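Q: Structure below; questions to follow.
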Amino acid sequence: MTSVQHNYQQVLSELRRAEAAAGRPEDSVCLVAVSKTHPVELIRQVYEAGCRDFGENYIQEWYEKTEILADLPDIVWHVIGDVQSNKTKYVAERAHWVHTVSRLKIAQRLSNQRPESMPPLQVCIEVNIAAEPDKHGVAPEEAVALALEVAKLPNLKVRGLMCVAKADSDDESLREQFGTMQKLLADMNAAGIPADVLSMGMSADMAVAVSCGATHVRIGSAIFGSRHYGEQA
Ligand SMILES: *Cc1c(COP(=O)(O)O)cnc(C)c1O
């Protein structure tokens, strides 16, 4: 077993423990392995260990990886970084999920450019949960209104909400942030959107996120190790 395969198994056991501790069914949380800045060889290793869901932030880097990994037909690509309008076509044609929709204009382009031969693109509305000026996402009070607009687009399917918790939050603050996300999902349901996804929880806050109802955790460094941004293409 390679070191990333070992890490992947370790994180998977931790996730199963967190599910049990939260009284949630085994396998109810999807582990998305965040492979940004890491080479395709390591993605292949984690895939061989059983992972199918991978998250990437940088569209150019991700697209090049999809070309090289085209022989893995059941890999599921989650775009978890900001999508700018000049990159929507790549995403519409090759992604399964976009967790980071926060502008209607980008959602419209994704829907227009989604090939008719493909199933709808699964999307989450990104919420700037702690109102941090340097973070993407809509304000919590704007999330349902945006979801209602995005839900009208024919080639997208609104699945839920995504957030990145404020760095270095203590558990109490994390519970407050993730709890607001749970409440917003209930608000979306009450507004008539049958959404069921909460994409929240990263290497540092996975267990708390699971205890607050996360359905997708996005784990990078705990699987792949630290990132070296300077080496990125
Ligand atoms: C990088 C990244 C992650 C993974 O973060 P780790 O702390 O390495 O687990 C998750 N979500 C988003 C949006 C990211 O950019």
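Q: If the viscosity is 1.002 mPa s and the temperature 20 °C, what Stokes-Einstein diffusion coefficient in µm²/s follows for the chain when Rh is the Kirkwood radius over Cα pairs?
A: Translational diffusion coefficient: 120 µm²/s.
Q: Using only the heavy atoms of the protein chains and a 1.4 Å probe, how would THR180, THR88 rank by accessible area, largest first?
A: THR180, THR88
Q: Residue farthest toward the positive end of the dipole of the stretch 3-224, with Cβ of Lys/Arg at +1 and Asp/Glu at -1: which of ILE223, ILE125, SER169?
A: ILE125
Q: Still on this model: Which residue, LEU156, LEU69, LEU15, tops the fluctuation ranking in a GNM of the chain built on C-alpha contacts under 10 Å?
A: LEU69
Q: So, in the chain, how many Lys pairs have Cα atoms under 23 Å apart, if the pair is 8 or more places apart or on different chains?
A: Close lysine pairs under the 23 Å cut-off: 22.
Q: With every protein chain kept in place and ligands, DNA and RNA left out, what is the accessible area per residue of the chain? Probe 1.4 Å, answer in Å².
A: Per residue, the chain has 46 Å² of solvent-accessible surface.
Q: Would you tell me the accessible area of VAL4, worked out with a 1.4 angstrom probe on the heavy atoms of the protein chains, in Å² to the nearest 10?
A: Rounded to the nearest 10, the figure is 10 Å².
Q: What do you reckon, how do ASP196, ASP168 stack up by accessible area (1.4 Å probe), largest on top?
A: Putting ASP196, ASP168 in descending order of accessible area: ASP168, ASP196.
Q: Now for a separate question. Using unit Cβ charges (K, R positive; D, E negative) and no other charged atoms, how large, in debye to the nearest 20, is the dipole of the chain about its Cα centre?
A: Around 560 debye, computed over the chain.
Q: Using a 1.4 Å probe on the protein chains only, how many percent of the accessible area of the chain belongs to carbon and sulfur?
A: Exposed carbon and sulfur together represent 50 percent of the surface.
Q: If you don't mind, there's one more thing I want to ask. Write out the GluC sites (Glu not before Pro) in the stretch 1-98 meeting two conditions: DSSP loop, and at most 13 other Cβ atoms within 10 Å of their Cβ.
A: For GluC sites (Glu not before Pro) across the stretch 1-98 that sit outside H, G, I, E and B with at most 13 neighbouring Cβ atoms in 10 Å, the list reads GLU26.
Q: Kindly state, to the nearest 0.05, the FRET efficiency for ASP27 paired with ASP171, given R0 = 22 Å and r defined as their beta-carbon distance.
A: Working from the Cβ atoms, E equals 0.35.
Q: Now, a different point. Using a 1.4 Å probe, how large is the accessible area of MET202, given in Å² and rounded to the nearest 10?
A: Here the accessible area works out near 70 Å².
The values are calculated or read from the model by the stated rules, or taken from the named source; none is laboratory data. Since the structure is predicted, the reported quantities are computational estimates derived from the model, not experimental observations. All Cβ positions, even for glycine, are placed from backbone atoms using ideal geometry, and neighbour counts span all protein chains on display. Accessible surface areas use protein heavy atoms only, side chains included; no ligands, DNA or RNA. Shrake-Rupley method; radii C 1.70, N 1.55, O 1.52, S 1.80 Å.
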